[in-house]
């Protein structure tokens, strides 16, 4: 006997078998019981959610020998004929193959005749949106004045393509995507019926691959069974269906939430070695952090997150140790990295940078807690005024205290330019480099790393570290010619420009502007650090708050 795929073998035969479409089945059953059955139905929704199966069940319920009934008996000859697709009174038509007006005219003419041995003649037209405009016009007349023995059931994935005149004459039912938990429950039932050993985690991976489609999930389940047999391992399922293992997401999120940079980067290596798409993995990680945030933010996350119960419990265990603000800050970094990956040549580097930032985020204190600490500081300062005094002056005026406080954030003025006597008079070299930066920024940027060995209106001599990138660039004939033209324009006369190689740390050559700027920045930072560390107000704050100075940045 030939093998029957699971999607056909376990196709719903009653309204009770339909999964995730309770709003549709209840309405149809009530309509049958109260004898309010319309003459035309439109079933819309994504692929594999039960539209055609519902049409067949409705046809059986209307034509069943025990009916019309809320549920077909599936044992009478009429029900069996519809199940087998051999009924002469229930016709399934593929709208994609019968798009012409002649096909619809033939259907319209045949519909005038009474059913051969059933209660109703029922036409099920799948993918009805594929009909042509003329075909819809031909169908419109019979929908306006249908014979009492005819019912139409239309199914489509694209209802917006149907004419409004057709839509207005049908009862529309929108089929939802099947929730993941219900797909897992259905797969578990089938696994038990087939004698298959498989974990809930593996079933969840299969269901997630189906993306809300029961048929797609069953097709994926068939593929897994063909590969694994009746003993299914989680790793085999993850490899076969190509989804990210939930354990990898859990390990990665735990690493960044606990500040373990080593584990975070090793996790990226595992992602790469498994062959996962970096951007797809980042999206999965975003969904994982979203789940953590939802669990920590709402009392009933199960109604929001489309997850299996085992996955939901795992997220609860991980989220209970972390505040929502901490999760949200890291989620923001992930979303930013994922958006940049669309144009990036190195998505792995972007993910690694994002994970490092996430793992090294400093905790933030609530505003109310900071306010309470400041109030405590003020109370302590009022009680012990010596804490606010300058250690070198036991009674400093308030004005001097304010001046000292301002000095903590006031940048130290840069030192005067170093000008070798007889070589670079009056800061001419700085003005020349600034002139070059304005006219040709690329050339000016190179000159910032040169030492002005000699600078005069008729001759400029520039030294660069031996073997440096900047020396190589300036020795290029085109670049050197550009410098000569700029020098002539700056000095208003022809100027000889030469470039020399100097050995670092063995010459008395003047500092380059880049070296000078670096030296000044370091000096300014050291001064700011020293002033901050010695400032009495900051010392008192550290004592009261129990903190430490992490970094000092001059404004």
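Bear in mind that the values in this text are calculations on the coordinates, not laboratory data. Quantities reported herein were computed from a predicted structural model and do not represent experimental measurements. FYI the Cβ positions are ideal-geometry reconstructions off the backbone, even for glycines, and counts take in every protein chain you see.
Miscellaneous remarks
- Under 19 Å from a label point set 7 Å out along the Cα-to-Cβ vector of residue 312, the amide N atoms of the range 185-203 belong to 185-189, 200-203.
- Distance between modelled label sites at residue 508 and residue 132, nm, 7 Å Cα→Cβ extension: 9.8 nm
- Averaging Cα coordinates gives a centre for the range 141-200 and one for the range 295-345; these two points are 32 Å apart.
- Inverse of mean 1/r across different Cα pairs in the range 425-510, Kirkwood, Å: 12.8 Å
- Residue separation of residue 272 and residue 533 scaled by 0.36 nm, minus their Cα-Cα distance, works out to 89.4 nm of gained length.
- Shown is the FRET efficiency for residue 110 and residue 373, computed with R0 = 60 Å from the Cβ-Cβ distance and rounded to the nearest 0.05: 0.10.
- The range 180-241: radius of gyration over Cα atoms, expressed as a fraction of 2.2 N^0.38 Å: 0.94
- Packing rank of 80-86, 102-108, where each peptide gets the mean count of other beta carbons within 10 Å, highest leading: 102-108, 80-86
- Efficiency of FRET from Cβ geometry, residue 550 and residue 47, R₀ 56 Å, rounded to 0.05: 0.50
- Each principal axis of the Cα atoms in the range 246-359 has its own extent, and those three values, largest first, are 41, 24, 23 angstrom.
- Treating r as the C-beta distance of residue 339 and residue 9 and R0 as 41 Å, the FRET efficiency rounds to 0.40.
- Gain in span if fully extended, residue 30 to residue 498, counting 0.36 nm per residue against the direct Cα distance: 158.9 nm
- The modelled label-to-label distance for the pair residue 466/residue 298, using points 7 Å beyond Cα in the direction of Cβ, is 7.0 nm.
- Each of 490, 432 has some number of other Cβ atoms within 10 Å of its Cβ, and from fewest to most they run 490, 432.
- Mean Cβ count within 10 Å, highest first, over the residues of peptides 156-164, 233-241: 233-241, 156-164
- Among 455, 170, 228, a tally of other beta-carbon atoms within 10 Å of each Cβ gives an order, fewest to most, of 228, 170, 455.
- Taking other Cβ atoms within 10 Å as a rough exposure proxy, 194, 311 sort from fewest to most as 194, 311.
- Residues of the range 279-312 with amide N under 19 Å of a point placed 7 Å along Cα→Cβ from residue 188: 301-312
- Over the chain, DSSP H runs of length four or greater, each weighted -39,500 (n - 2.57), average out per residue to a 222 nm ellipticity of -16500 deg cm²/dmol.
- Residue 233 versus residue 96: modelled label distance in nm, points set 7 Å from Cα along the beta carbon direction: 3.8 nm
- Quarter of the Cα convex hull surface for the chain, i.e. its orientation-mean projected area (nm²): 44.8 nm²
- Residues in the range 488-532 that a label on residue 435 would reach, taking backbone N under 20 Å of a point 7 Å out along Cα→Cβ: 488-500, 512-514
- Relative contact order of the chain, defined on C-alpha pairs under 8 angstrom at six or more residues apart (%): 10 percent
- Normalised convex hull volume, the range 11-117, alpha-carbon set, Å³ per residue: 119 Å³
- Linear extension gain, residue 254 paired with residue 456, 0.36 nm per residue minus alpha-carbon span: 66.4 nm
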